[in-house]
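K.L.:
Dumping the structure here so I can ask a few things about it.
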Amino acid sequence: ALLHQVAQPAVQVVDDPVEIKIEGCPPREVGVPVHPDFPERGERTFHTMDTFFIAKSDYKQLAEGYMHRLMDCCNFVLKGTTFHFQSQVYDNYRNAKDQGRIIHWLPASMHRQVDVHFETGLTTSGLGEEGLAKLKEGVIIQCERRFFARVDKQEKNKTVVWYLHR
């Protein structure tokens, strides 16, 4: 209960990452809230091109005929095996009659390896945002859409966290 009373920094972590290229997606800086419930904490910035990492579980659920959205970034559609940029405006997605999925993502050029240790002894690996490297060991984080974890160890190219709860 105490974890829910303290607002942990939110970070994007992509499990079992799949790289996708969105044809026509313009390069830009994307501002993502440091914490979605506390906008006064500001934003973290991602520099994007046209290539992203998304979770394999999300990738498998993308279907043709729908507008999908990379959260806080852009809208796209799937045509055959190719992804095509539609717009950056959230309202275009929100008002689409063919609304698909909203997906967490990382820019292909900006990421850090993350190992997640579970109390069962299982360890999984994925990718997280570069800002994870700046977090101190022991800090509690919220991996958006996934779980809460504690930063256990910072290594040169990897952050190790312990799963706490969903």
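K.L.:
Among the residues of the stretch 146-166, count how many are exposed (fewer than 12 other Cβ atoms within 10 Å of the Cβ) and either in a strand (DSSP E or B) or in contact (Cβ under 8 Å) with a residue 12 or more places away in the chain (or both).
P.N.:
Step one: filter the stretch 146-166 for residues exposed (fewer than 12 other Cβ atoms within 10 Å of the Cβ), giving 155-157, 165-166.
Within this subset, residues satisfying the condition of being either in a strand (DSSP E or B) or in contact (Cβ under 8 Å) with a residue 12 or more places away in the chain (or both) are 157, 165-166.
Final tally of qualifying residues: 3.
K.L.:
Enumerate the pairs (first residue in the stretch 130-145 and open to solvent by 30 Å² or more (accessible area, probe 1.4 Å); second residue anywhere and of a type in the set (A, V, I, L, M) and in a loop (DSSP other than H, G, I, E, B)) with beta-carbon separation below 8 Å, excluding pairs fewer than 6 apart on the same chain, so at least 6 apart or on different chains.
P.N.:
Every condition considered, the pairs that remain are Glu130/Met110; Ile140/Val6.
K.L.:
Is it the case, given these coordinates, that Gln61 is of a type in the set (S, T, N, Q), more than 13 Å from the chain's Cα centre (by Cα) and assigned to a loop (DSSP other than H, G, I, E, B)? Steps first, please.
P.N.:
Working: of a type in the set (S, T, N, Q): yes; more than 13 Å from the chain's Cα centre (by Cα): yes; assigned to a loop (DSSP other than H, G, I, E, B): yes.
It is true that Gln61 is of a type in the set (S, T, N, Q), more than 13 Å from the chain's Cα centre (by Cα) and assigned to a loop (DSSP other than H, G, I, E, B).
K.L.:
Might you let me know whether the stretch 1-15 holds any residue that is in contact (Cβ under 8 Å) with a residue 40 or more places away in the chain, of a type outside the set (Asp, Glu), loosely packed, with under 14 Cβ neighbours inside 10 Å and out of contact with any helix residue (DSSP H, G or I) (no Cβ under 9 Å at 6 or more places or on another chain)? Walk me through it before giving the result.
P.N.:
From the stretch 1-15, those in contact (Cβ under 8 Å) with a residue 40 or more places away in the chain are 3, 6, 8-15; that's our starting set.
Filter once more, so that each one left must be of a type outside the set (Asp, Glu): 3, 6, 8-14.
Subsequent filtering for residues that are loosely packed, with under 14 Cβ neighbours inside 10 Å retains 3, 6.
Narrowing further to those that are out of contact with any helix residue (DSSP H, G or I) (no Cβ under 9 Å at 6 or more places or on another chain): 3, 6.
There is at least one residue in the stretch 1-15 that is in contact (Cβ under 8 Å) with a residue 40 or more places away in the chain, of a type outside the set (Asp, Glu), loosely packed, with under 14 Cβ neighbours inside 10 Å and out of contact with any helix residue (DSSP H, G or I) (no Cβ under 9 Å at 6 or more places or on another chain).
K.L.:
While we're on this one: Give the residues of the stretch 33-62 that are in contact with a strand residue (DSSP E or B) (Cβ under 7 Å, 6 or more places away or on another chain), more than 20 Å from Arg112 (Cα to Cα) and open to solvent by less than 90 Å² (accessible area, probe 1.4 Å), sorted by residue number.
P.N.:
If the condition is that a residue be in contact with a strand residue (DSSP E or B) (Cβ under 7 Å, 6 or more places away or on another chain), more than 20 Å from Arg112 (Cα to Cα) and open to solvent by less than 90 Å² (accessible area, probe 1.4 Å), then Pro36, Leu62 are the ones that fit.
K.L.:
Which one is surrounded by the most Cβ atoms within 10 Å (Cβ to Cβ), of the residues in the stretch 73-94 that are in contact with an Asp or Glu (Cβ under 9 Å, 6 or more places away or on another chain) and touching a residue at least 24 places away in the same chain (Cβ under 8 Å)?
P.N.:
Of the stretch 73-94, the ones in contact with an Asp or Glu (Cβ under 9 Å, 6 or more places away or on another chain) are 76-80, 82-85, 90.
Keeping just the survivors that are touching a residue at least 24 places away in the same chain (Cβ under 8 Å) gives 76, 82-85.
Numbers: Phe76: 27, Thr82: 12, Phe83: 21, His84: 14, Phe85: 15.
Only one residue fits best here, namely Phe76.
The values are calculated or read from the model by the stated rules, or taken from the named source; none is laboratory data. Computed from a predicted model, the values in this text were never measured in an experiment. For neighbour counting, all protein chains shown are included, and Cβ atoms are generated from backbone atoms with ideal geometry for every residue, glycine included. The accessibility values were calculated without ligands, DNA or RNA, using every heavy atom of the protein model including side chains. Shrake-Rupley method; radii C 1.70, N 1.55, O 1.52, S 1.80 Å.
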